[in-house]
Amino acid sequence: MRIIAIAIVAANNVIGDGERQPFEFAEDWARYKRVTSGHPMIMGRRTHDAIGRWLPGRTTIVVTSHPDAVELPTSGTATGIAVLSLDEALELASGLDDEIYIAGGGSIYAQAWEHLTDLDLTVVHAEAAGDVHFPEIDPSEWVEVRREPHEEFDFVGYRRISALG
């Protein structure tokens, strides 16, 4: 099973200000949709609220201390579930697919870090203001396996070294 953190990260590791991410690129959103479609995604409630809707074509699992307060999708194009913990989310997601995406925010990335096998990052060439950061990538634990350069950002993939084995 692959558990993949997917994020857009500023040059100074900022991923947001607690309410929004600092960058939006149409090409990044299109890639995000393409990569995550058909797979379960796990995110915190604030990240889900920032997206503002349930994303079609995938199951979104929202981790929150108040799952009963999360309004679940009713349209039939998206599937959503709210749970109390990351462990519960991972158990649920692992029953759906062998490729799971962790979609933020900062607290969820930190909680999931030890479980991750891969990182799928959009690394922006600029710094950003904000107090929510992506965890530091330790080169003794992670190896870069792909890089697709663009003018304002690069799509970068990492694999946990122990997962390469």
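The values are calculated or read from the model by the stated rules, or taken from the named source; none is laboratory data. These numbers were taken from a predicted model, which means no experiment stands behind them. Cβ coordinates were reconstructed from backbone atoms using ideal geometry, including for glycine residues, and neighbour counts include every protein chain displayed.
Scoring S75 on the criteria (1) in a loop (DSSP other than H, G, I, E, B); (2) in contact with an Asp or Glu (Cβ under 9 Å, 6 or more places away or on another chain); (3) of a type in the set (S, T, Y) leaves a single failure, condition (2).
May I ask you to verify whether V63 is aliphatic (A, V, I, L, M), in contact with a Leu (Cβ under 8 Å, 6 or more places away or on another chain) and surrounded by 15 or more Cβ atoms within 10 Å (Cβ to Cβ)?
Values: aliphatic (A, V, I, L, M): yes; in contact with a Leu (Cβ under 8 Å, 6 or more places away or on another chain): yes; surrounded by 15 or more Cβ atoms within 10 Å (Cβ to Cβ): yes.
Considered against the rule, which asks whether it is aliphatic (A, V, I, L, M), in contact with a Leu (Cβ under 8 Å, 6 or more places away or on another chain) and surrounded by 15 or more Cβ atoms within 10 Å (Cβ to Cβ), V63 comes out as yes.
Taking first residues from segment 24-46 that are under 18 Å from Y109 (Cα atoms) and partners that are assigned to a helix (DSSP H, G or I) and of a type in the set (G, A, S), the Cβ contacts under 7 Å between residues at least 6 apart in sequence or on separate chains come to P40/A93; I42/A89; I42/A93; G44/S107.
In this structure, does I6 turn out to be more than 19 Å from E114 (Cα to Cα), touching a Ser or Thr at 6+ places or on another chain (Cβ under 9 Å) and either at pLDDT 95 or above or among the polar types (S, T, N, Q) (or both)?
For I6, the condition - more than 19 Å from E114 (Cα to Cα), touching a Ser or Thr at 6+ places or on another chain (Cβ under 9 Å) and either at pLDDT 95 or above or among the polar types (S, T, N, Q) (or both) - is not met.
Each residue in segment 95-120 was checked for being touching a helix residue (DSSP H, G or I) at 6+ places or on another chain (Cβ under 9 Å) and hydrophobic (A, V, I, L, M, F, W, C), and 6 pass.
Whether a residue is under 13 Å from the mean Cα position of the chain (by Cα), under 22 Å from E19 (Cβ atoms), of a type in the set (A, V, I, L, M) and not in a strand (DSSP E or B) was assessed, and A110 passes this test. The one condition from (1) in contact with a strand residue (DSSP E or B) (Cβ under 8 Å, 6 or more places away or on another chain); (2) surrounded by fewer than 19 Cβ atoms within 10 Å (Cβ to Cβ); (3) part of a loop (DSSP other than H, G, I, E, B) that L92 does not meet is (3).
Could we say that A128 is aliphatic (A, V, I, L, M), in contact (Cβ under 8 Å) with a residue 60 or more places away in the chain, out of contact with any Ser or Thr (no Cβ under 7 Å at 6 or more places or on another chain) and at negative phi here? Answer is yes for this residue.
Any residue at all in segment 100-115 that's farther than 24 Å from V14 by Cα, in contact (Cβ under 8 Å) with a residue 24 or more places away in the chain and surrounded by fewer than 16 Cβ atoms within 10 Å (Cβ to Cβ)?
Looking through segment 100-115, none of the residues is farther than 24 Å from V14 by Cα, in contact (Cβ under 8 Å) with a residue 24 or more places away in the chain and surrounded by fewer than 16 Cβ atoms within 10 Å (Cβ to Cβ).
Number of residues in segment 131-165 that are free of Cβ contacts under 8 Å to residues at least 12 places away in the same chain and of a type in the set (V, I, T): the value is 0. Annotation: of all residues in segment 48-73 being over 20 Å from S94 (Cβ atoms) and of a type in the set (V, I, T), the one that is farthest from the chain's Cα centre (by Cα) is V70.
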